[in-house]
Structures are given as structure tokens and as C-alpha cells.
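Okay, so here's the structure we're looking at.
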Amino acid sequence: MLKRLLLLCVLLFLNIGITGELKERVSLDELRLRGLPVEKMKGMGISKEDMENYLIFWNDLKCFPVAGSVHAQTENFSYENSWHEKRHYGGERLHEGCDIFPENAKIDYYPVLSITDGTVEKIGWLPMGGYRVGIRSPGGGYFYYAHLSSYSQDFCEGNKVKAGEVLGFLGDTGYGEEGTRGKFPPHLHLGIYISTKEEEEYSLNPYPVLQFLQERQKNFFY
């Protein structure tokens with residue numbers, strides 16, 4: 001009788017495991033059908049639960065966030081998966097974004113574009129982010145563009161923007177009181193956040209978003 005009970009427990013455990021794996025595969029297939037680069041995201045260590053969070057704004061994605069000049073169409077931009085690397089300014093913290101660097105370290109030259117349609121939710125100076133603008137996309141993603149050298153216009157909270165609209169220009173502002181410049185090489189810091197039941201600003205890795213937009217949009221000049 002004891003052997004039968006043990007065998008039944010083993011079979012039940014195996015069945016639960018197989019059912020769980022099957023559900024996992026089905027869920028990942030659904031994410032693939034929705035357009036997510038599941039294999040790449042798995043390689044970055046992004047969990048299935050976080051992959052599902054990207055669906056909030058995935059259909060809103062339209063434009064790579066930095067453009068080159070039409071007069072210099074050979075210019076390239078580089079970025080790495082620096083999300084959650086250690087940072088020290090303002091105390092020990094994790095990097096909640098990805099940095100995009102131009103080939104030439106020019107300030108107030110490269111346009112920063114809105115990745116999505118949306119609404120200006122935050123604007124102005126932050127000691128850590130310098131001149132920044134935060135755009136809320138229709139699906140609910142919050143896109144944070146930081147270290148701008150200047151804005152393209154006098155934005156106000158509540159203004160509507162279109163995907164591809166120039167928000168400002170890539171720069172090196174931040175890490176101090178308003179107007180501080182030159183503490184680091186010119187670049188755009190891009191952060192992406194969503195609201196969850198647990199956190200008002202839950203950070204997601206922008207790296208797969210940048211890869212997706214760069215592959216989809218082969219040329220981006222302004």
C-alpha cells in the first residue's frame with residue numbers, strides 16, 4: 001500500500017511539472033505572436049513575467065530615440081546592455097536605463113526623438129538626469145529621456161507629442177545643480193517605466209526595445 005502511495009505521489013509530481021512546462025511554452029509562444037523577441041529577452045535574463053510587462057507599450061514603439069544628420073548619414077550610435085550596472089553618483093544605486101552614445105561627441109547636435117506618440121508627463125531639470133523629459137505612451141509606458149543639452153520647444157506637462165517628434169538634443173547635462181555640464185561624455189540616457197500594483201515606477205530594461213527599433217528602422221536621420 002505504501003509503495004502504491006509513493007508511486008502515485010511521484011506520478012502526480014511529474015504531471016504537475018509537465019503541465020507547468022507546457023503552460024510556460026504556450027505563454028512564450030503567445031508572447032512571440034505579439035511580436036516580442038522572446039529568445040533575445042531570455043538571453044538577457046528577462047523573466048516571462050517581465051516580458052509580459054513589455055506588452056503594455058510594445059505596439060506603441062515607432063522610432064529609434066536618436067537621429068543622425070541628413071548631412072552625415074554614415075554616423076552611428078552605440079549602446080550596451082548597461083541596465084542594472086552599478087552607479088555611484090547620489091549614492092550606491094543600479095542603472096535604470098541604457099545609454100546611447102554618438103560616434104562624434106557633439107553637444108546640441110543630434111536630435112532626440114520621441115519613441116512613441118504620447119503626453120509630456122515630466123519636464124525640466126533633475127540633479128541626476130540633467131534636462132529631461134518624460135513621455136507617457138498610449139499603452140501606459142513611461143519613457144524617460146535624460147541629459148539633454150536643450151529642448152526643441154517650450155514643452156509643458158500635458159502637451160501631446162508624436163512618434164518621431166524632436167524633443168531636444170543630445171547632451172551632457174546633470175550630476176549637479178541646474179546647468180551642470182561636462183561631468184561625462186555626451187549621451188542619451190533612456191529609461192522605461194511602468195506602473196504596477198506594487199510600484200508606481202517599475203523599471204524595465206530598454207535594451208531589447210533599442211535593438212528592436214534599430215533592426216526595424218534601418219536608417220534614422222533628421
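The values are calculated or read from the model by the stated rules, or taken from the named source; none is laboratory data. It should be emphasised that the depicted structure is a prediction, and the values quoted were computed from it without experimental measurement. Note: ideal-geometry Cβ built from the backbone for every residue, glycine included; neighbour counts use all protein chains shown. The area values use the complete protein model at the heavy-atom level, side chains included, leaving out ligands, DNA and RNA. Shrake-Rupley method; radii C 1.70, N 1.55, O 1.52, S 1.80 Å.
Express the accessible area of segment 156-222 per residue in Å², computed with a 1.4 Å probe while the remaining protein chains stay in the model.
Values: 3500 Å² over 67 residues.
Roughly 52 Å² per residue, with all protein chains present.
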*Which value in nm describes the separation of the simple spin-label points at Glu52 and Glu200, placed 7 Å from the Cα toward the beta carbon?*
2.5 nm
*How large, in percent, is the carbon and sulfur part of the accessible surface of segment 90-222 at a probe radius of 1.4 Å?*
48 percent
*Considering every Cα-Cα pair within segment 95-138, what fraction, in whole percent, is farther apart than 14 Å?*
64 percent
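Would you mind checking Lys42/Lys122; Lys122/Lys183; Lys42/Lys106 for any pair whose Cα atoms are more than 27 angstrom apart?
On the way: Lys42/Lys122 32 Å; Lys122/Lys183 23 Å; Lys42/Lys106 35 Å.
Too far apart for the 27 Å limit: Lys42/Lys122; Lys42/Lys106.
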